[in-house]
1. Hey, with R₀ at 22 Å, roughly what FRET efficiency would Ser13 and Asp39 work out to, going by the Cβ-Cβ distance, to 0.05?
2. Reachable lysines from Lys98, Cα under 20 Å, same-chain residues fewer than 8 places away excluded?
3. Between exposed GluC sites (Glu not before Pro) in the chain, where DSSP calls loop and at most 16 other Cβ atoms lie within 10 Å, what's the longest gap?
4. For the chain, what is the relative contact order in percent, using Cα pairs closer than 8 Å and at least 6 residues apart in sequence?
5. Calculate the spin-label point distance for Arg84 paired with Thr29, positioning each point 7 Å from the Cα along the beta-carbon direction, and give it in nanometres.
6. Where in the chain lies the longest segment free of trypsin sites (Lys or Arg not before Pro) that are both loop residues by DSSP (not H, G, I, E, B) and have at most 16 other Cβ atoms within 10 Å?
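Just so it is clear, none of the values below were taken in a lab; they were calculated from the coordinates. If you're wondering where the values come from, they're calculated on a predicted model, not measured in any experiment. Using ideal geometry, Cβ is built from the backbone for each residue, glycine included, and neighbour counts are taken over all protein chains shown.
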Amino acid sequence: MGYDHPLGEIALSFRPKRIVASRSKGLLTIEWTDGLSCDYPISGLRAACPCAECRGGHENMGQPGLPEMLEIPIINKASTELVRLEQVGNYAIQLFWKDGHSYGIYSWQYLRELCPEIREES
Ligand SMILES: [Zn+2]
């Protein structure tokens, strides 16, 4: 993999209860243990891919997510087609895209920061 995990541990007051990716809706839905439900546009998740390549270098990794990142348009269709997702340890999911890209590890923390529903409330 070649990815360092964060040193130390962050106690999260939330974690996903259920993660559902719907190809027909183009949405990834996460239901959290604290009752919040977030709908992420799948193409937007690619735009917000947290990997070093997509963020423009290792020094830009670990930046907080912003719901606005989900709205960055992506022209290459294959880049925005989700093939599958896998849980990584107990802290993240990894998304595999049709163009072969799969470096992005989306931590629960990062997904919460991206959640469009949180923005609408504030
Ligand atoms: Zn990426």
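1. 0.55
2. By straight Cα distance, Lys98 reaches Lys25, Lys77.
3. Details: sites that count: Glu9, Glu81.
Answer from the scan: 10-80.
4. Working: 185 pairs, mean separation 24.7, N = 122.
In percent, rounded to a whole number, it is 20.
5. Here the modelled spin labels are 2.3 nm apart.
6. Details: sites that count: Arg23, Lys25, Lys98.
The reported range is 26-97.
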